[in-house]
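Novice: Take a look at this one; I'll ask things after.
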Ligand code: DP6
């Protein structure tokens, strides 16, 4: 079908100025990936988690998304009109998910279907490799959409220092795009899901920065890229497998109990307990996948070798380092700032040779989503 160029329709006089954000505008947001400590695995209804989760917000592994918009001549389309480029190239394989998300967003932001959107995204890390790329991508896009909503309603653009209400709204819209995305908004650490913790909710995440013991204030995450290819099973398919997983109920109880323990650990700085709980959670996630039908083994031989090396290093050095895993073969080595010098030597000597092409990402906790000044 021939595409018609979007041109302004009969506008009320006060908004005929094409520099008016109600006719066209742009904004750019950066959003990081996050690494879950207590894992979200299993969902119900509209992207609600079967158990609460806690994550550390990362910094270098992030998505940068520029959203531009133009008012259409033929408003109120059935589907939101958009073009999507990834590192400047069209990516048809991402379009269906983005279309579904934008169409869902049009019930939250009713004006959306009156605009042609241009979305350009870039990642600093390989997508679909087990690093939560949907978390950074969907949260960056949600932040940009909320910013656009402010601007097309003639409100002030969103201030980079987000208000609590705006952060909550971005988080809940992010959740609709990808569950884990709702945690990426907040600096340092976030909790998603209803728990005894004040203001926690299944609908959005909340920041945990204010409860962190200094040991957890500048935690590092070395993301060890064992395999940079596509994941064997998508997270969405993995969540679905939990519906018939025989251990599902036990798992949800275990996760709820681990959340309470982890909240205490984060407050008190109990690093030894942190190490045990974090590794147990990672292994439970993979055990659940193995026990699904069909069962998946997502660890590669080098993932297992990395796990052994990390445990040996912990014993020999006495340092509180540990691993965690996402739903893929890459391993994350978590460690506090005071261990950094020795850990970097260990990574270079023992872990880099186990990574695909020696690649790893030297990441750490970061500030959450950020607006880029144009
Ligand atoms: C293993 O958030 O990617 O990384 O909601 O279907 O987009 P969707 O799934 P997603 O699942 C993440 C699963 C996990 C654990 C976690 O991040 O908590």
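The values are calculated or read from the model by the stated rules, or taken from the named source; none is laboratory data. Keep in mind it's a predicted model, so treat the numbers as computed, not measured. Cβ sites come from the backbone with ideal geometry, for glycine too, and all protein chains shown count toward neighbours.
Novice: Being farther than 20 Å from residue 186 by Cβ and either near the ligand (Cβ under 10 Å from one of its atoms) or touching a strand residue (DSSP E or B) at 6+ places or on another chain (Cβ under 8 Å) (or both) narrows it down to one residue among 112, 37, 71; which is it? Break it down stepwise before answering.
Specialist: Working: 112 fails: either near the ligand (Cβ under 10 Å from one of its atoms) or touching a strand residue (DSSP E or B) at 6+ places or on another chain (Cβ under 8 Å) (or both); 37 fails: farther than 20 Å from residue 186 by Cβ.
71 is the lone residue from the list that is farther than 20 Å from residue 186 by Cβ and either near the ligand (Cβ under 10 Å from one of its atoms) or touching a strand residue (DSSP E or B) at 6+ places or on another chain (Cβ under 8 Å) (or both).
Novice: Taking the options 57, 28, 63, name whichever one is modelled with pLDDT of 95 or more, part of a strand (DSSP E or B) and within 13 Å of the ligand (Cβ to nearest atom). Step through it out loud before you land on a result.
Specialist: Details: 28 fails: within 13 Å of the ligand (Cβ to nearest atom); 63 fails: within 13 Å of the ligand (Cβ to nearest atom).
Answer to the selection: 57.
Novice: If residue 209 satisfies all but one of (1) away from the ligand (no atom under 16 Å from the Cβ); (2) over 19 Å from the mean Cα position of the chain (by Cα), what's the number of the condition it fails?
Specialist: (2)
Novice: Could you please find all residues in the stretch 151-193 being farther than 23 Å from residue 44 by Cα and assigned to a helix (DSSP H, G or I)? Before the answer, list the steps.
Specialist: Going through the stretch 151-193, the residues farther than 23 Å from residue 44 by Cα turn out to be 151-167, 186-189.
151, 152, 164, 165, 166, 167 - these are the residues of the stretch 151-193 that are farther than 23 Å from residue 44 by Cα and assigned to a helix (DSSP H, G or I).
Novice: Counting just the residues of the stretch 187-206 that are away from the ligand (no atom under 14 Å from the Cβ) and under 14 Å from the mean Cα position of the chain (by Cα), which one comes out nearest to residue 109 (Cα to Cα)? First the steps, then the outcome.
Specialist: Kept after step one, since they are away from the ligand (no atom under 14 Å from the Cβ), are these residues of the stretch 187-206: 187-188, 194-201, 206.
Within this subset, residues satisfying the condition of being under 14 Å from the mean Cα position of the chain (by Cα) are 187-188, 206.
On the way: 187: 26, 188: 29, 206: 22 Å.
Residue satisfying both the conditions and the ranking: 206.
Novice: Here are some conditions: (1) crowded, with 18+ Cβ neighbours inside 10 Å; (2) in contact with a helix residue (DSSP H, G or I) (Cβ under 8 Å, 6 or more places away or on another chain). Residue 46 meets all but one. Which one does it not meet?
Specialist: (1)
Novice: From (1) more than 13 Å from the ligand (Cβ to nearest atom); (2) surrounded by 21 or more Cβ atoms within 10 Å (Cβ to Cβ), pick out the condition that doesn't hold for residue 90.
Specialist: Condition not satisfied by residue 90: (2).
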